[in-house]
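Okay, structure first, notes after.
The values are calculated or read from the model by the stated rules, or taken from the named source; none is laboratory data. What you are looking at is a predicted structure, and each value in this text was computed from that prediction instead of being measured. Positions of Cβ are generated from backbone atoms using ideal geometry, with glycine treated the same way; all protein chains shown enter the neighbour counts. Calculation scope for accessible area: heavy atoms of the full protein, side chains included, ligands and nucleic acids excluded. Shrake-Rupley method; radii C 1.70, N 1.55, O 1.52, S 1.80 Å.
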Amino acid sequence: MTETARRAPAPAVETRDDGPRRPIRRRILLMAVAGFAILGLAAHLLGGDFFNPAANTRPETTMTAVQIIPLVILVIMFIVATKWPLNIGVMGLVASFGVGYFMLGMTDREILAEFPASIVLTIIGVTYFFSMAQRNGTIDVIVQNCVRLVRGKTLLLPWVFFLLAAALTALGTFSPAAVALLAPAAIGFAYESRIHPVLMGAFIINGAHAGGFSPLSVAGVLVHDIALENGFPVSQGALFVASFALNLILSVLTIVLFALLGKLRDGESGQDADLDTARTSRPRGQQILTLVLIAVMLGCTLGFHMPIGFVALSAGLLLALVNIKEHQTFIGGISWSTVLLVAGMITYVSLLQHVGVIDTLAEQALALGAPLLVALVLCYVIGVGSAFASSTALLTAFIPLAGPLLATSSLSASGTVAALAIAATVVDVSPFSTDGALVVANARANDRQRVYRQLMAYAGGVVLVAPALAWALLVPTGIM
């Protein structure tokens, strides 16, 4: 789906990916549609008279044409992006202009009010710096030494990166920053050791979310404060444990899925040689400077909570001054196609939020009447929405909506809020989210289209399964 991938001369990858993968993607799409259709039918049959006879007396919330048309456009964009190798971010920006300017009468400043500048800067800064680290051999040094530490047991490395990402976010690093710091080395290792890059990317993201709701983390404090302000405090410790456990379970299921599909190892025989685990790589010259800068970046983001985008650009500029002759090559290493994808989709989904599409869907869920069913629908709505939009923004909007549900039922406040929070974050493996986009951005240039497609298919499965898993383990059980 990226421009870089379309220009790259990789016919073997394209041929292998486009043939048998299309039926798989279609089956996944049909499964998702069928799942939501069944959910909608259950809501229709069970949510009204049977559970709440008074539901008929309440005014029914319906979507207006101003809400339906942008939603239909979004569906068309996905169909087009699936059929043709067009950047859906470009379509998102054009659709934002069409809907905002002609339908809503918005100015360009209003249309771009929610343009994800910080996310764009993060992707630019991180890919700029780590393109240099890749070219000067620093990533190879890190990869080789990681292989040496696990003594050749390369399948242990996804778990190492899972725990490292969890530790970073539990100490206060925002999950995109943790993924941005770990993805270059982890994805580079995946290619060298023939571990599937989507598997490695999923483990990094799951690990970042596993620690993402600790009492010290940004998301953990945010969820706790919002719940407290709305009159239903949640246990920060229980929220952290629930998030870690769910992401650990999801990672185990991911290993099982890839094993059943025969995809634990990636690449054809002879395409990538196995790594020499006895080989030791010692950094020298620019590699030493690059490693020092990575340590400084960790210190700045962890210790001083500086924005990773600006820090990475600053470190990259210093490396460029050391190697000024190749500066233009480093600029070319920025994943501009990923920048377009994320910026366009988030800008368009912000328009959907502006016209009330997300709020209307949530209100319709609340009108169902059955508390358990409402909680399940809310988990799916926030999960699907978060796959394309800001998890933080959706958490801010949806947690207050759970107030009336919790006030009129015996559901556990901690369990319900934890299920919503987890459903909103585990789906960030989607390539439209910052975390997923960073995995795509760090894939090899001639492999980004394949990684994008397969990560999209994996994310579809997560969107279908994870909200129900979070709901089933946390809401009906009353375990929290």
**Message:** Being exposed (fewer than 14 other Cβ atoms within 10 Å of the Cβ), aliphatic (A, V, I, L, M) and outside any helix (DSSP H, G or I) is the filter here; which residues of segment 241-265 pass it?
**Reply:** Leu261
**Asked** When the residues of segment 213-240 are filtered to those that are not in a helix (DSSP H, G or I) and not polar (S, T, N, Q), which remaining residue is most open to solvent (accessible area, probe 1.4 Å)?
**Response** Leu216
**Complete:** Checked pairs for segment 405-418, first outside any loop (DSSP other than H, G, I, E, B), second hydroxyl-bearing (Ser, Thr, Tyr), C-beta under 8 Å and 6 or more apart or across chains, list as Leu405/Thr416; Leu406/Thr416; Ser414/Ser235; Gly415/Thr477; Ala418/Ser243
**Asked** Name the residues in segment 299-351 that are closer than 19 Å to Ile288 by Cα, without any contact (Cβ under 8 Å) to a residue 40 or more places away in the chain and among the aliphatic types (A, V, I, L, M), would you?
**Response** Leu317, Leu318, Leu321, Val322, Ile324
**Message:** Suppose the filter is of a type in the set (A, V, I, L, M), modelled with pLDDT of 80 or more, more than 25 Å from the chain's Cα centre (by Cα) and surrounded by 24 or more Cβ atoms within 10 Å (Cβ to Cβ); does Ala320 pass it?
**Reply:** no
**Prompt:** Before we move on, is Val179 surrounded by fewer than 24 Cβ atoms within 10 Å (Cβ to Cβ), assigned to a helix (DSSP H, G or I) and at negative phi?
**Reply:** no
**Request:** Those residues that are open to solvent by 30 Å² or more (accessible area, probe 1.4 Å) and not in a helix (DSSP H, G or I), I need them from segment 463-480; list them, please.
**Result:** Pro476, Thr477, Gly478, Ile479, Met480
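Mind listing just one residue for me: the one in segment 184-200 that is outside any helix (DSSP H, G or I) and not β-branched (Val, Ile, Thr) and, of those, surrounded by the fewest Cβ atoms within 10 Å (Cβ to Cβ)?
Residues of segment 184-200 that are outside any helix (DSSP H, G or I), as a first pass: 194-196.
After this cut, where a residue has to be not β-branched (Val, Ile, Thr) as well, the list is 194, 196.
On the way: Arg194: 18, His196: 21.
Among residues in segment 184-200 that are outside any helix (DSSP H, G or I) and not β-branched (Val, Ile, Thr), the one surrounded by the fewest Cβ atoms within 10 Å (Cβ to Cβ) is Arg194.
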**Request:** Just name the residue that is modelled with the lowest pLDDT out of those in segment 331-352 that are under 11 Å from Pro116 (Cα atoms) and of a type in the set (S, T, N, Q).
**Result:** Ser350
**Prompt:** Can you tell me how many residues in segment 448-462 are surrounded by fewer than 23 Cβ atoms within 10 Å (Cβ to Cβ) and more than 17 Å from Phe258 (Cβ to Cβ)?
**Reply:** 0
**Complete:** Of Thr62, Thr122, Thr127, the only residue that is open to solvent by 70 Å² or more (accessible area, probe 1.4 Å) and under 25 Å from Ser390 (Cα atoms) is Thr62
**Asked** So which of Ser430, Ser409 ends up being closer than 27 Å to Glu229 by Cβ and out of contact with any Asp or Glu (no Cβ under 7 Å at 6 or more places or on another chain)?
**Response** Ser409
**Fill in**
For segment 213-246, the count of residues that are touching a helix residue (DSSP H, G or I) at 6+ places or on another chain (Cβ under 9 Å) and charged (D, E, K, R) equals 1
**Asked** Of all residues in segment 70-110, which are assigned to a helix (DSSP H, G or I) and among the polar types (S, T, N, Q)?
**Response** Thr82, Ser96
**Fill in**
Only one of (1) closer than 18 Å to Thr290 by Cα; (2) open to solvent by 20 Å² or more (accessible area, probe 1.4 Å) does not apply to Leu164, and that is (1)
**Message:** So, in segment 289-316, exactly how many residues are surrounded by fewer than 15 Cβ atoms within 10 Å (Cβ to Cβ) and either assigned to a helix (DSSP H, G or I) or among the hydrophobic types (A, V, I, L, M, F, W, C) (or both)?
**Reply:** 7
**Asked** Being at pLDDT 85 or above, closer than 27 Å to Pro176 by Cβ and hydrophobic (A, V, I, L, M, F, W, C), is that true of even one residue in segment 261-272?
**Response** no
